[in-house]
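Engineer: Input: one structure, supplied below.
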Amino acid sequence: MQMNNIPVEKIQNFASIEIHLFLFGVLALGFIFYKFFLKKISDKRHKSLQNRFKVTTRYLTLSLVTCLVLVLLQIQYAVASQVMLSFGYLFLLIILSIAFVKTTQIVVYLYLFFANMSHGVPRLLANMFTFFIAIILINIIATQLFEIHLSALLATSAVFSLVLGLALQDTLGNLFSGISLQIESPFQIGDWIEVHSKNEKWLGQVQEMNWRATFLTSFSDELIMIPNRTIAQSEILIISQGQKTIRISHVFRFAFDTDIDKAKAALLSGITEVKTGLLSDPPVRILVTDLNESWVVMKVFYSLADFSVRYRTGDLVISNMLQSLKKHNIKLQSQKIEIEKNT
């Protein structure tokens, strides 16, 4: 594109000072909303929003300064070359477009954070919105300012679109699978899930969802990246969801002649010594769940508010109950295998 063909007058109307003031106003209102209504969001969200406000303000300020400089050049210096003005207004158009997209993105994040105070917000939602806003803005700029009709160009490039679609088959599959997961919302960020795919199994807490993959953090703090297409085609066990408590159980086997009440009391005494991690509501329950000629099966149930401490709390619970059984001289029953020797 030649610099002389850039429609300076149209860009002047599009990138006017009034547009800059309007965006500054939206940004200011968004910041006020953030300060008054989003005080209880996590530190990570605070840092994310504060960084977005800073970056967007810089782009918008740079755009406004560029606009004022260009206006002064036209007023004070009639000798300003057409090439200089064309280049300046093209730069202004690019910076203002970026500032506009970032401002609308902040508005989306404010809404998502306000609507989901306790749940994480997948980046995919904001990225999708940003993508559509950018496409609409590019179409408006191309049509209204440069008289380029993108729809006609796309219609005449069917072969190119087909080749591109085949080349991006996996990428598009992950993208649309991610969109499908967002629409159905079987799980949220912060939930613990177990994904079963053929011979593979992953267990972790959902950390992020983007256009390509879902990220889980395992108990060993490993970051697991699973393609959205794999997630959509797999069996998903949702272990903890939202603010629901997690019910954990452990199985103990005792000899058939064991005093049931005494064994229950010993187990209860051991688990009540665990002071951290356990919830009092719903309470601990110890139930006889099975019996046969070899043993009586008891199952101990207790609740946790945070699934991430399952193994640490479980270690304390099992250790204390075993010590309590030993203290009361109650032994666990082991499986016995009898082998008959033929003579």
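Computed from the coordinates by the stated procedures, all read-outs in this text should not be read as laboratory data. Everything numeric in this text was worked out from a predicted model, so none of it was measured. Heads up, the Cβs are rebuilt from the backbone with ideal geometry, glycines too, and the neighbour counts pull from every protein chain shown.
Engineer: Scan around Ile148 for amide H atoms under 5 Å from its own, H built in the peptide plane at 1.01 Å from N, and keep only partners 5 or more places away or cross-chain.
Structural biologist: Those qualifying (amide H under 5 Å, at least 5 residues apart or on another chain) are Thr143.
Engineer: For Val251, what charge total do you get from the other residues with a beta carbon under 11 Å from its beta carbon, if Lys and Arg give +1 and Asp and Glu give -1?
Structural biologist: After counting each charged neighbour, the total is +1.
Engineer: May I ask you to evaluate 6.51 cos²θ - 1.76 cosθ + 1.60, the Karplus curve with θ = phi - 60°, for each residue of region 180-189 and list the ³J(HN,Hα) values in order in whole Hz, giving x for glycine and proline?
Structural biologist: So the Karplus estimates, Gly and Pro as x, are 4, 5, 5, 5, 6, 6, x, 8, 10, 5 Hz.
Engineer: What is the order of Leu21, Leu27, Leu332, fewest Cβ neighbours within 10 Å to most?
Structural biologist: If I rank by nearby Cβ atoms, fewest first, I get Leu21, Leu332, Leu27.
Engineer: Something else: Rounded to whole Hz and in sequence order, give me ³J(HN,Hα) for region 260-267 from the Karplus expression 6.51 cos²θ - 1.76 cosθ + 1.60, θ = phi - 60°, writing x for Gly and Pro.
Structural biologist: With the stated coefficients, region 260-267 comes to 4, 5, 5, 5, 4, 4, 5, 5 Hz.
Engineer: Net charge around Met298, counting only other residues with Cβ within less than 11 Å of its Cβ (Lys, Arg = +1; Asp, Glu = -1)?
Structural biologist: Neighbour charge sum, excluding Met298 itself: +3.
Engineer: Residues with amide H under 5 Å of Leu291's amide H, sequence separation 5 or more or different chain, H placed in the peptide plane at 1.01 Å from N; which?
Structural biologist: When sequence neighbours closer than 5 places are left aside, the close amide H contacts are Val297.
Engineer: On to the next question. Test of understanding: what is the full-extension gain from Leu268 to Asn199, defined as 0.36 nm times their sequence separation minus their Cα-Cα distance?
Structural biologist: Roughly 21.0 nm would be gained on extension.
Engineer: Any of Lys262/Lys327; Lys275/Lys326; Lys262/Lys299; Lys264/Lys327; Lys299/Lys326; Lys10/Lys54 with alpha carbons more than 23 Å apart? Name them for me.
Structural biologist: Distance filter (> 23 Å) returns Lys10/Lys54.
Engineer: If you plug each phi of region 15-32 into the Karplus form 6.51 cos²θ - 1.76 cosθ + 1.60 with θ = phi - 60°, what whole-Hz ³J(HN,Hα) values come out, in order, with x for Gly and Pro?
Structural biologist: Per residue, the Karplus-derived 3J(HN,Hα) values read 9, 7, 5, 4, 5, 4, 5, 4, 5, 4, x, 4, 5, 5, 4, x, 5, 5 Hz.
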